[in-house]
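The values are calculated or read from the model by the stated rules, or taken from the named source; none is laboratory data. Source: prediction; values computed, not measured. In case anyone asks, the SASA skips ligands and DNA or RNA and just uses the protein heavy atoms, side chains included. Shrake-Rupley method; radii C 1.70, N 1.55, O 1.52, S 1.80 Å.
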Amino acid sequence: WRAGVLLGTATAVPVFALFATRIRPTEPDRPDERLRDRFALSTITALLSRPPIAFTTALAFLCAFT
């Protein structure tokens, strides 16, 4: 298990460093609008009802707890 943690750390640190140095903050398009108002529950439900998306989401959910 130590090798797995070491591999994850060895991957995450350079990725974070590249992200922190290359990505610049941007101004929001609609700063006065709440994020909750941008998403419709029906749109998310329709997206998650697609079999490939549902399978990938379920797989990611299960792997997150193992």
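As a fraction of the 1.4 Å probe accessible area of the chain, surface on carbon and sulfur atoms comes out at 70 percent.
With all pairs of different C-alpha atoms in the average, the Kirkwood value for the hydrodynamic radius of the chain is 16.0 Å. Taking 0.36 nm per residue of sequence separation and removing the Cα-Cα distance, the A20/L35 pair yields an extension gain of 3.0 nm.
When each full DSSP H helix of the chain is screened for a Cα extent of at least 15 Å along its own axis and an average Kyte-Doolittle hydropathy of at least -1.0, the helices passing are 2-22, 51-64.
Solvent exposure of the chain amounts to 100 Å² per residue of accessible area, where only protein heavy atoms count and the probe is 1.4 Å.
Given a 1.4 Å probe and the protein chains as shown, I23 ends up with an accessible area of around 90 Å².
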